[in-house]
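One structure is given here, and the rest of the page talks about it.
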Amino acid sequence: MNATNIDSSDLDLSDVDWRVGHLVGGGQQWDPLSPSDIRRWVAAMDNANPIHWDEEFARASKFGGLVAPQSIPVCMDVGHGVQPACVGNIPGSHLIFGGEEWWFYGYRLRPGDSLRQERRFVDYKVRDTKFAGPTMFQRGDTTHINQNNTAVAKVRSTSIRYLASEAAKRKMYASELPSKPHWTSEKLAEIEKIHWDWVVSGRDGASPLFGDVQEGFKLPTRVLGPHTISSFTTEYRAFRDNLWGGYYWYGPEGVKDVWINQDPGWIDSFQFRDDLAKIDPRFRDGLNVGPSRGHIDDAKADEIGMARAYGYGATMGAWVTDYLAYWAGHNGFVRYVKSNFRGPAFEGDATFFEAEVIGKSADSAWGVPLVHLKVRLKNQDGVTVVDAVADVELPLS
């Protein structure tokens with residue numbers, strides 16, 4: 001999006017300004033992580049790493065059993081990480097994900113672990129965009145803490161909040177988006193080969209050695225897709241907060257109006273129905289009723305300026321982390337990822353992953369050797385949907 005600073009008075013931010021810097025509430029999940037949760041998540045993310053789903057393989061590995069992928073905290077959160085970046089009522093608004101910045105503290109989650117989240121609304125800025133005119137970029141932090149009060153990970157999420165009617169009127173994507181691609185059998189076979197080659201490239205879990213990886217080294221290409229309504233639905237249903245009755249609302253003590261479950265200002269056709277959800281959970285599950293309807297419904301997507309069904313920012317962030325972790329192997333670890341979401345993964349598109357080593361640090365603030373990478377996710381037309389930078393820990397020997 002082309003953006004320049006504008007006067008924030010073009011959006012009604014009267015319920016936003018005074019909340020900056022405050023701790024906020026949100027959902028907390030009832031249940032600890034189960035093996036089925038892990039398997040469901042990696043299947044939805046198309047993450048074939050066997051330490052996450054193959055019990056026999058995982059028991060024979062250094063881990064002695066199943067471990068969750070590093071992307072699992074977003075699955076164990078309520079609101080896909082964006083809760084503290086969606087604070088304040090903006091009438092007539094909608095939201096899409098703008099990016100994520102993750103720090104991972106070295107802990108690998110396993111079945112039986114629980115997470116709670118501490119959340120804070122950090123800041124915002126308003127810019128004029130081609131997509132929707134006055135647009136707010138809002139940031140919030142979520143720290144994921146396990147049952148032993150150990151910090152597992154932290155994410156700084158950026159949401160893009162805008163007036164749905166303005167985006168629908170401008171129809172940026174409708175005017176610029178190509179038709180759904182036609183995938184011939186030959187093209188699908190090419191995609192399947194790229195996918196297979198990626199799967200076998202890291203299946204044994206062997207980690208590259210820090211000394212053997214040099215600047216300019218390129219990771220194996222990965223591909224996801226073509227994306228479909230079915231694949232988007234599968235992704236959404238893998239988030240644990242979408243299990244009926246899976247969480248409760250919680251607010252930090254001593255904070256006035258902690259923004260636990262207030263109305264962000266969604267347009268009428270995207271509102272939850274909390275008054276009915278206790279009787280019929282479909283009224284708060286997001287896809288049947290609620291703000292995620294546009295992900296699987298072209299007509300609903302058009303109402304919020306997205307033109308046709310599209311994927312989730314939270315899963316795009318998970319794709320990046322999983323891609324890097326698979327390459328890093330059993331003795332490596334993703335320490336930091338900053339992903340900017342440049343555009344959606346639309347229905348019908350395929351997403352191609354590429355990464356290159358751009359530097360190395362033998363010493364780091366983490367106390368471990370790091371390899372620095374840049375990552376690009378592009379569609380079949382070469383359009384960037386995600387660009388990212390990352391720091392990955394690799395073993396010395």
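Which condition number does residue 56 fail, the rest of (1) crowded, with 17+ Cβ neighbours inside 10 Å; (2) not in a strand (DSSP E or B); (3) not β-branched (Val, Ile, Thr) being met?
The one condition residue 56 does not meet is (1).
Can you give me the ranges of the strands (runs of 3 or more DSSP E) entirely in segment 343-397 with at least 1 residues that are buried (at least 22 other Cβ atoms within 10 Å of the Cβ) and small (Gly, Ala, Ser)? Can you show your working first?
Working: elements: 351-361, 370-379, 384-393.
Filter on segment 343-397 gives 351-361, 384-393.
Taking interchain pairs and intrachain pairs at least six residues apart, which have beta carbon atoms under 6 angstrom, with the first residue in segment 280-301 and within 14 Å of residue 243 (Cα to Cα) and without any contact (Cβ under 8 Å) to a residue 24 or more places away in the chain and the second in a loop (DSSP other than H, G, I, E, B) and polar (S, T, N, Q)?
If the second residue must be in a loop (DSSP other than H, G, I, E, B) and polar (S, T, N, Q), the pairs left are 282/288.
Given the conditions (1) more than 17 Å from the chain's Cα centre (by Cα); (2) under 30 Å from residue 187 (Cα atoms), report the number of the one that residue 396 does not fulfil.
Residue 396 satisfies every listed condition except (2).
So if I check each of 41, 30, 102, which one is of a type outside the set (Lys, Arg) and surrounded by fewer than 22 Cβ atoms within 10 Å (Cβ to Cβ)?
Values: 41 fails: surrounded by fewer than 22 Cβ atoms within 10 Å (Cβ to Cβ); 102 fails: surrounded by fewer than 22 Cβ atoms within 10 Å (Cβ to Cβ).
When all the criteria are applied, what remains is 30.
Working only within segment 63-91, note down all residues that are of a type in the set (Gly, Ala, Ser) and under 23 Å from residue 341 (Cβ atoms).
Step one: of segment 63-91, the residues of a type in the set (Gly, Ala, Ser) are 64-65, 68, 71, 79, 81, 85, 88.
71, 79, 81, 85, 88 - these are the residues of segment 63-91 that are of a type in the set (Gly, Ala, Ser) and under 23 Å from residue 341 (Cβ atoms).
Please find, among 318, 299, the residue that is under 23 Å from residue 151 (Cα atoms) and either modelled with pLDDT of 95 or more or not charged (D, E, K, R) (or both). Let's see the steps before the verdict.
Details: 299 fails: under 23 Å from residue 151 (Cα atoms).
Testing whether each residue is under 23 Å from residue 151 (Cα atoms) and either modelled with pLDDT of 95 or more or not charged (D, E, K, R) (or both) leaves just 318.
Quick grid of which residues meet (1) in contact with a strand residue (DSSP E or B) (Cβ under 6 Å, 6 or more places away or on another chain); (2) part of a helix (DSSP H, G or I):
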site	(1), (2)
84	yes, yes
89	no, no
95	yes, no
99	yes, no
106	no, no
111	no, no
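Residue by residue through segment 214-239, note down the ones that are touching a Leu at 6+ places or on another chain (Cβ under 8 Å), within 19 Å of residue 290 (Cα to Cα) and crowded, with 17+ Cβ neighbours inside 10 Å.
Once the filter is applied, which keeps residues that are touching a Leu at 6+ places or on another chain (Cβ under 8 Å), within 19 Å of residue 290 (Cα to Cα) and crowded, with 17+ Cβ neighbours inside 10 Å, segment 214-239 yields only 236.
Determine, yes or no, whether residue 323 is out of contact with any His (no Cβ under 6 Å at 6 or more places or on another chain), assigned to a strand (DSSP E or B) and among the hydroxyl-bearing types (Ser, Thr, Tyr). Please lay out each step first, then the result.
Working: out of contact with any His (no Cβ under 6 Å at 6 or more places or on another chain): yes; assigned to a strand (DSSP E or B): no; among the hydroxyl-bearing types (Ser, Thr, Tyr): yes.
No; evaluated as a whole, the condition is false for this residue.
Can you pull out the residues in segment 221-258 that are in a loop (DSSP other than H, G, I, E, B) and closer than 21 Å to residue 282 by Cβ?
The answer is 239, 243, 244, 245, 246.
Could you give every pair whose Cβ atoms fall below 9 Å, whose first residue belongs to segment 206-230 and is in contact (Cβ under 8 Å) with a residue 24 or more places away in the chain and farther than 19 Å from residue 47 by Cα, and whose second residue is aromatic (Phe, Trp, Tyr) and assigned to a helix (DSSP H, G or I), counting only separations of at least 6 or pairs across chains?
Matching pairs, first to second residue: 208/327.
Quick check on segment 136-166: of everything there that is part of a helix (DSSP H, G or I) and touching a strand residue (DSSP E or B) at 6+ places or on another chain (Cβ under 7 Å), which residue is surrounded by the most Cβ atoms within 10 Å (Cβ to Cβ)? Quick ask: steps written out before the conclusion?
Step one: of segment 136-166, the residues part of a helix (DSSP H, G or I) are 164-166.
Next cut, touching a strand residue (DSSP E or B) at 6+ places or on another chain (Cβ under 7 Å) only: 164, 166.
On the way: 164: 22, 166: 19.
Taking the candidates together, the pick is 164.
With respect to residue 187, determine if the residue is out of contact with any Phe, Trp or Tyr (no Cβ under 9 Å at 6 or more places or on another chain), at positive phi, surrounded by 12 or more Cβ atoms within 10 Å (Cβ to Cβ) and not aromatic (Phe, Trp, Tyr). Quick ask: steps written out before the conclusion?
Values: out of contact with any Phe, Trp or Tyr (no Cβ under 9 Å at 6 or more places or on another chain): yes; at positive phi: no; surrounded by 12 or more Cβ atoms within 10 Å (Cβ to Cβ): yes; not aromatic (Phe, Trp, Tyr): yes.
No.
Can you spot a residue in segment 259-271 that is surrounded by fewer than 18 Cβ atoms within 10 Å (Cβ to Cβ), of a type in the set (Ser, Thr, Tyr), outside any loop (DSSP other than H, G, I, E, B) and out of contact with any Lys or Arg (no Cβ under 9 Å at 6 or more places or on another chain)?
Taking every residue of segment 259-271 in turn, none turns out to be surrounded by fewer than 18 Cβ atoms within 10 Å (Cβ to Cβ), of a type in the set (Ser, Thr, Tyr), outside any loop (DSSP other than H, G, I, E, B) and out of contact with any Lys or Arg (no Cβ under 9 Å at 6 or more places or on another chain).
Name the one entry in 96, 90 that is under 26 Å from residue 24 (Cβ atoms), crowded, with 19+ Cβ neighbours inside 10 Å, over 20 Å from the mean Cα position of the chain (by Cα) and in contact (Cβ under 8 Å) with a residue 60 or more places away in the chain. Working first, answer last.
Working: 96 fails: over 20 Å from the mean Cα position of the chain (by Cα).
Result: 90 is the single residue among 96, 90 that is under 26 Å from residue 24 (Cβ atoms), crowded, with 19+ Cβ neighbours inside 10 Å, over 20 Å from the mean Cα position of the chain (by Cα) and in contact (Cβ under 8 Å) with a residue 60 or more places away in the chain.
The values are calculated or read from the model by the stated rules, or taken from the named source; none is laboratory data. Computed from a prediction, not measured in an experiment: that's the story for all the values here. Neighbour counts are summed over all protein chains in view; Cβ atoms, including those assigned to glycine, are modelled from backbone coordinates with ideal geometry.
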